[in-house]
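Inspection log for the structure reproduced underneath, given as structure tokens.
The values are calculated or read from the model by the stated rules, or taken from the named source; none is laboratory data. Model, not experiment: these values are computed from the prediction. Note that we place each Cβ from the backbone using ideal geometry, even for glycine, and neighbour counts take in every protein chain shown. These accessible areas exclude ligands, DNA and RNA; they are computed on the full protein's heavy atoms, side chains included. Shrake-Rupley method; radii C 1.70, N 1.55, O 1.52, S 1.80 Å.
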Amino acid sequence: MGPAGGGAAVWGWPCGAMGLVRVLLLLLLWALACCGGALFVSGAGLLEMSLGKFRNVLLNETNPVEAVIRNIASNVTLIIFQAHAQQKDVTVSFDKFPSTNNSATGADRGLISILRPQQSICTWYLQSLEANQVFSTAVSIPYTARDPIPGGCNLEFNLEVDPNIYLEYNLVDTRIKFAPANLGSTRGESPPSCDSGTGQNSRWRLHYDIYQYFLPENDLSEITLMSHLRKMSDVKSIKANGVKMITLTTNDKTDAYFSSLPGQGVIYNIIVWDPLWNTSAAYVPAHTYACSLATPVDNCLSPTKLPTKIFFTILAVLGLFICFFGHRFWKTDLFYMGFIFMGLFFFVLITRVTNLGYDVCLILAAVAGIVGGLLLVAYWWRFGFVPLCMVLVGLMLGLLFSSVIFFTPLGDYRVFRDDAVFWVTFSCIALMIPVVFVGCPRILNILACGIVGSYSAVLAIACYLYTSLAYITLDLLRRVLKNDFSRAYTNVPFQTNDFIILAVWAMLALGGVTVQLRRERGEVPFPPHPYRIWKRERERRSTNILDPSHHVPPLRERIHNKLLQIGELFRKEQAAGERTPLLL
């Protein structure tokens with residue numbers, strides 16, 4: 001399932017004639033940007049193809065385009081023909097009138113043509129499901145007799161031989177599915193039976209390497225997608241540009257899960273490898289943005305909801321204050337840490353046990369966070385026990401530190417697919433922080449203020465501009481909320497924006513910690529117990545007759561006097577006797 005969306009909404013052009021002008025401009029830029037200056041065919045016509053060469057084509061619903069390859073070499077035994085569009089579906093078929101068993105429809109689709117002896121010409125047909133012009137690119141990849149046949153043992157999808165990758169996504173994870181491959185064969189010979197056995201002379205010896213490739217951040221243009229699809233279409237370019245995420249054998253299920261990154265373009269492809277002949281073949285690449293390009297709200301241009309932006313913007317303002325002044329304003333620091341802890345806890349609890357919407361859960365979590373922050377401040381005011389407060393503060397720093405550890409490639413190790421292993425390791429790392437700093441609580445609090453407070457600014461930036469640093473905590477939240485998220489690989493891109501934002505985070509954290517350490521040098525580690533101070537002052541006022549507050553009536557008497565004064569305002573004035581003026 002390809003990403004839905006509308007290019008007109010992204011580029012701001014109207015449909016019809018202006019839409020055609022947009023496409024022509026795109027093609028002109030494409031020709032200038034890409035090597036070789038690829039030509040294109042618009043409407044009904046003949047598209048002359050060359051093996052391994054990309055061609056751009058405009059498709060519509062009424063007039064199919066015939067793609068032809070001539071003079072195919074005799075050593076080529078099969079050809080994978082594929083067509084790609086950014087958002088609209090295209091249909092690739094063997095016949096001019098497509099049917100279920102001889103065509104494939106989607107944003108990234110392809111067909112395999114197994115050549116007959118003496119065959120030197122191949123023909124396919126391209127068509128869009130849209131009445132307006134759809135910009136697409138097509139390519140044909142040749143393979144020889146010893147190369148595996150991608151999708152050659154298909155039992156799940158419609159095509160007899162299906163080289164396509166089927167992609168499904170939601171806001172949490174992305175799933176890719178594909179059909180198993182088969183061993184290659186020469187022209188005129190039937191491929192080996194898919195159920196002939198499980199030995200080394202069968203398809204069971206094949207391995208599948210799944211590759212991932214990230215598009216440039218904050219770039220949703222068609223030109224960018226089409227140019228980068230070239231880097232993920234054949235075996236050589238996939239190995240040179242993609243990142244191998246996982247290797248599957250025939251004993252494994254032919255699917256894989258990855259963390260969804262709404263607004264970030266990702267291309268997936270699979271290389272099937274024959275270890276006996278040391279030959280490889282690639283499936284048809286598939287791309288996704290994990291969001292819609294066409295819907296008016298919650299689209300790829302603004303994937304973050306308005307309540308989320310408001311919440312994290314306010315949190316960032318308070319976090320920056322804590323970053324530089326948290327230890328001096330100790331009660332505000334406690335409120336901030338209690339707010340985060342209790343808000344996160346109740347957001348997870350409410351989301352897992354109820355079916356309330358996201359906005360309602362966020363509002364309830366914010367209310368719970370305010371209550372939690374006030375309770376922590378009230379505990380400090382009444383009992384003044386610093387170690388217990390520092391356990392919570394240190395735990396917040398430990399949670400962030402542990403999340404950073406698992407944000408690295410270490411988090412994708414197979415051993416951490418097991419939830420028990422993951423949570424035990426995660427908890428030990430998180431608890432290590434308050435244990436290490438148990439003898440210097442002031443240093444622990446200043447570090448927590450600087451690092452946790454500055455990270456709130458990163459989360460606020462992520463609401464307006466894509467950054468992978470937000471997934472430090474978001475992937476943890478996903479794993480808590482979704483039971484099956486442990487099977488997803490959480491690799492994320494780290495590009496220019498991320499380096500800039502990481503530098504900003506580091507400077508804020510370092511600056512906040514430095515400022516607070518210099519300011520608090522020579523000061524008492526923590527403020528005195530508020531309740532004891534209040535109790536001592538009350539006793540002093542009650543025994544010192546020279547203190548003006550000693551003569552202040554008790555609270556109950558003062559409230560009674562105030563009520564009497566208010567009652568006098570509503571009492572009717574009584575007659576005072578003779579009112580006749582005096583005669584002089």
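Table: residues versus (1) surrounded by fewer than 20 Cβ atoms within 10 Å (Cβ to Cβ); (2) touching a Ser or Thr at 6+ places or on another chain (Cβ under 8 Å); (3) not assigned by the TED database to the domain that holds ASP412.
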residue: TYR208; (1), (2), (3): no, yes, yes
residue: ILE223; (1), (2), (3): yes, no, yes
residue: MET226; (1), (2), (3): no, yes, yes
residue: LEU229; (1), (2), (3): no, yes, yes
residue: SER233; (1), (2), (3): no, no, yes
residue: LYS239; (1), (2), (3): yes, no, yes
residue: THR247; (1), (2), (3): yes, no, yes
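Quick one: in segment 155-210, which of the residues that are of a type in the set (A, V, I, L, M) and over 29 Å from the mean Cα position of the chain (by Cα) is farthest from SER99 (Cα to Cα)? That would be LEU206. Scanning segment 412-420 turns up no residue that is in contact (Cβ under 8 Å) with a residue 60 or more places away in the chain, in a helix (DSSP H, G or I) and crowded, with 19+ Cβ neighbours inside 10 Å. Of the candidates LEU397, LEU349, LEU356, the single residue that is in contact with a helix residue (DSSP H, G or I) (Cβ under 6 Å, 6 or more places away or on another chain), closer than 28 Å to PRO307 by Cβ, among the hydrophobic types (A, V, I, L, M, F, W, C) and in the same structural domain as PHE426 (by the TED database) is LEU397. Of the candidates LEU349, LEU344, LEU320, LEU306, the single residue that is open to solvent by 50 Å² or more (accessible area, probe 1.4 Å), under 26 Å from GLY263 (Cα atoms) and at pLDDT 90 or above is LEU344.
The residues listed here are SER427, SER403; of these, the one that is farther than 21 Å from SER259 by Cα, among the polar types (S, T, N, Q) and either in a helix (DSSP H, G or I) or modelled with pLDDT of 90 or more (or both) is SER427. Of all residues in segment 238-263 being free of Cβ contacts under 8 Å to residues at least 60 places away in the same chain and assigned to a strand (DSSP E or B), which is farthest from PRO493 (Cα to Cα)? Of everything passing the filter in segment 238-263, THR249 is farthest from PRO493 (Cα to Cα).
For the structure I just gave you, tell me whether ILE472 is free of Cβ contacts under 8 Å to residues at least 12 places away in the same chain and out of contact with any Pro (no Cβ under 6 Å at 6 or more places or on another chain). For ILE472, the condition - free of Cβ contacts under 8 Å to residues at least 12 places away in the same chain and out of contact with any Pro (no Cβ under 6 Å at 6 or more places or on another chain) - is not met. For segment 166-203, a tally of residues being part of a loop (DSSP other than H, G, I, E, B), under 30 Å from GLN264 (Cβ atoms) and open to solvent by less than 20 Å² (accessible area, probe 1.4 Å) returns 2.
Residues of segment 357-371 include none that is touching a Lys or Arg at 6+ places or on another chain (Cβ under 8 Å), closer than 17 Å to THR490 by Cα and in a helix (DSSP H, G or I).
Please specify each residue of segment 142-165 satisfying the condition of being of a type outside the set (D, E, K, R), buried (at least 21 other Cβ atoms within 10 Å of the Cβ) and in contact (Cβ under 8 Å) with a residue 60 or more places away in the chain. Answer for segment 142-165, where residues must be of a type outside the set (D, E, K, R), buried (at least 21 other Cβ atoms within 10 Å of the Cβ) and in contact (Cβ under 8 Å) with a residue 60 or more places away in the chain: TYR143, PRO148, ILE149, PRO150, GLY151, PRO163, ASN164, ILE165.
Residue check: TYR464 meets all listed conditions (1) open to solvent by less than 60 Å² (accessible area, probe 1.4 Å); (2) in a loop (DSSP other than H, G, I, E, B); (3) of a type in the set (Phe, Trp, Tyr); (4) over 26 Å from THR332 (Cα atoms) but one, namely (1). Restricting segment 75-102 to residues that are part of a strand (DSSP E or B) and without any contact (Cβ under 8 Å) to a residue 40 or more places away in the chain leaves a set whose member that is nearest to GLU189 (Cα to Cα) is SER93.
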